[in-house]
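The values are calculated or read from the model by the stated rules, or taken from the named source; none is laboratory data. Fair warning: this is a prediction, and the values are worked out from it, not measured in the lab. Heads up, the Cβs are rebuilt from the backbone with ideal geometry, glycines too, and the neighbour counts pull from every protein chain shown.
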Amino acid sequence: TTAGFAHQARPMARQAVPVLLKAQAEFLDYGNTGMSILELSHRSKDFETLVNKAKEDLTHLLSIPDNYDILFMQGGGTTQFSAVVYNLLAAHRKLHPSAPANPLVDYLITGSWSAKAAEEAARLGANVNIVINTKKLRGAYTSVPPASEWRLSGPDAAYVYYCDNETVDGVEFSTVPDIDPAVPLVVDMSSNILSRRVDVARFGVIYAGAQKNIGPAGVTVVIIRRDLLVGPNSAASPEGAPLRPLMLDYKTHADHNSLYNTPPMFGIYISKLVFEWLKEYGGVTRMEETNRRKARRLYETIDRSAIYKSVVERESRSRMNVTFRIYPEALEKEFLKGAEARNYVQLKGHRSVGGIRASIYNAMPLEGVEELVTYMIEFEKANT
Ligand code: PMP
């Protein structure tokens, strides 16, 4: 489900078709080099220019302040579950030399991806404090509980981690967690980056696997505040502390403009095209408005219906992954069958939670959502 512009309700309703056409048009001859992007050397001037343009456009789109670096890494979101631990613990040692050897790290668990990230931190030996776990608290990942229920460990934590949009569960934060500004805030925005404006200055690290709102799987974008860059062999990695693999080290990539080794060139290239396209579209401001309207249409339809039911609390409903159930449950299979017949594909909920999930990432236009809503209304009429 992860290639480029995945989770389309209808293949031709792709908002980013211009990107695909541009890639097609210059596939055999990239920028008058006489070569395909697939043949170009990553050490060429042309490719470095491409990387710099991608960074410049992303900086513009998200208004990234000067004291941040953008890295293009590999290994997907899952690799960041580990990279965050290594890098942020070293940063903590650098910034607080007298801190305990294994400080607390705070994790908010609001869905299956943040749960996996917290598990990985614990597996690597970090001292994990669970700030909140909605499954334990409420029986399911269906909300972002109010801050009054959080158990943050305070100013001594090495970092606070959360997932802004839980792709599987359809749970999204409506605001940035209000934490001690001295503690670096780390966020997984894999499934909602560039879908709305964000105050980057609130974060130590923002990361996102590219495959939802940016480009092909294989690129992971990391936006990091420069004071958190340490380096794999620095004094902040004392003997006895876990070693930091070179390729997981943010400074390795920052020092080499994401060209330390051969980067995922084609993915970075498509990402650059998507950034250019989004700028032309009207940037994140316009995209945020489009996404707000798309999500509202679906949730309105669900809330008015007698057979569709959203299980996520209203304030925490995702604008990217609209999850819902159909009652009686036997109708879900029928719904999916009818949808497929209309070419509305990949609407089946994640295998771990079931139900229906309409993933309406940036590439899905409002018209695609309108078509789905029309089908939902017809289906309800036919089945009640
Ligand atoms: N975080 C989130 C929010 C995700 O949606 C995903 C994948 N869908 C991941 C992490 C894991 O990403 P990857 O498959 O690139 O490792």
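Take V322 and decide whether it is crowded, with 16+ Cβ neighbours inside 10 Å, modelled with pLDDT of 95 or more and not in a helix (DSSP H, G or I). When the stated conditions are applied, V322 passes them. Annotation note: of A101, A90, the sole residue that is among the small types (G, A, S), surrounded by fewer than 17 Cβ atoms within 10 Å (Cβ to Cβ), over 23 Å from the mean Cα position of the chain (by Cα) and at pLDDT below 95 is A101.
Within segment 127-153, no residue satisfies the criterion of being at pLDDT below 95 and crowded, with 17+ Cβ neighbours inside 10 Å. Of all the criteria given as (1) within 22 Å of the chain's Cα centre (by Cα); (2) more than 30 Å from R286 (Cα to Cα), the one not satisfied by I360 is (2).
In segment 281-319, what residues are β-branched (V, I, T) and exposed (fewer than 13 other Cβ atoms within 10 Å of the Cβ)?
Start the filter on segment 281-319 by keeping residues that are β-branched (V, I, T), which leaves 284-285, 290, 301-302, 307, 311-312.
Within segment 281-319, just T285 meets the criteria.
I'd like to check something: does segment 149-164 contain any residue that is within 12 Å of the ligand (Cβ to nearest atom), touching a helix residue (DSSP H, G or I) at 6+ places or on another chain (Cβ under 7 Å) and either free of Cβ contacts under 8 Å to residues at least 40 places away in the same chain or part of a loop (DSSP other than H, G, I, E, B) (or both)?
To start, the set of residues in segment 149-164 that are within 12 Å of the ligand (Cβ to nearest atom) comprises 161-164.
With the extra rule that they be touching a helix residue (DSSP H, G or I) at 6+ places or on another chain (Cβ under 7 Å), the set shrinks to 161-163.
Retained after the next criterion (residues that are either free of Cβ contacts under 8 Å to residues at least 40 places away in the same chain or part of a loop (DSSP other than H, G, I, E, B) (or both)): none.
Within segment 149-164, not a single residue is within 12 Å of the ligand (Cβ to nearest atom), touching a helix residue (DSSP H, G or I) at 6+ places or on another chain (Cβ under 7 Å) and either free of Cβ contacts under 8 Å to residues at least 40 places away in the same chain or part of a loop (DSSP other than H, G, I, E, B) (or both).
Would you point out which residue out of K348, K251, K309 is under 30 Å from K45 (Cα atoms) and basic (K, R)? Lay out the reasoning, then the answer.
Numbers: K348 fails: under 30 Å from K45 (Cα atoms); K309 fails: under 30 Å from K45 (Cα atoms).
Answer to the check: K251.
Would you confirm whether any residue within segment 360-368 is acidic (D, E) and at pLDDT 95 or above? No, that holds for no residue.
Given the structure, is D57 away from the ligand (no atom under 16 Å from the Cβ), more than 18 Å from S190 (Cα to Cα) and not β-branched (V, I, T)? Walk me through it before giving the result.
Numbers: away from the ligand (no atom under 16 Å from the Cβ): yes; more than 18 Å from S190 (Cα to Cα): yes; not β-branched (V, I, T): yes.
Answer is yes for this residue.
Number of residues in segment 193-229 that are assigned to a loop (DSSP other than H, G, I, E, B) and either more than 16 Å from the ligand (Cβ to nearest atom) or aliphatic (A, V, I, L, M) (or both): the value is 11. Considering the conditions (1) farther than 20 Å from R292 by Cα; (2) assigned to a loop (DSSP other than H, G, I, E, B); (3) modelled with pLDDT of 95 or more, V168 is excluded by exactly one of them, (1). Of everything in segment 237-253 that's buried (at least 20 other Cβ atoms within 10 Å of the Cβ) and out of contact with any Ser or Thr (no Cβ under 9 Å at 6 or more places or on another chain), which residue is modelled with the lowest pLDDT? Residue satisfying both the conditions and the ranking: S237.
Listed by first and then second residue, the pairs linking a residue in segment 208-226 that is in contact (Cβ under 8 Å) with a residue 12 or more places away in the chain and among the β-branched types (V, I, T) to a residue that is within 11 Å of the ligand (Cβ to nearest atom) and in a loop (DSSP other than H, G, I, E, B), with Cβ atoms under 8 Å apart and 6 or more places separating them unless they lie on different chains, are I214/I193; V219/Q74; V219/A210; T220/Q74; T220/G75; T220/A210; V221/I193; V221/A210.
Among V198, V176, which is the only one that is crowded, with 20+ Cβ neighbours inside 10 Å and of a type in the set (A, V, I, L, M)? The conditions single out V198.
Number of residues in segment 180-192 that are in contact (Cβ under 8 Å) with a residue 60 or more places away in the chain, within 12 Å of the ligand (Cβ to nearest atom) and not in a loop (DSSP other than H, G, I, E, B): the value is 1.
What's the total number of residues in segment 61-100 that are acidic (D, E) and part of a strand (DSSP E or B)? I'd like the intermediate steps shown before the answer.
Filtering segment 61-100 down to residues acidic (D, E) leaves 66, 69.
Among the residues that remain, those that are also part of a strand (DSSP E or B) are: 69.
So the count comes out to 1.
Can you give me the number of residues within segment 141-168 that are of a type in the set (A, V, I, L, M) and within 21 Å of the chain's Cα centre (by Cα)?
3
When you look at D106, is it touching a Ser or Thr at 6+ places or on another chain (Cβ under 7 Å), part of a strand (DSSP E or B), away from the ligand (no atom under 16 Å from the Cβ) and in contact (Cβ under 8 Å) with a residue 40 or more places away in the chain, yes or no? So D106 passes the test. Annotation: of all residues in segment 109-139 being more than 14 Å from S316 (Cβ to Cβ) and either among the charged types (D, E, K, R) or not assigned by TED's automatic domain parsing to the domain that holds A158 (or both), the one that is nearest to the ligand (Cβ to nearest atom) is K116.
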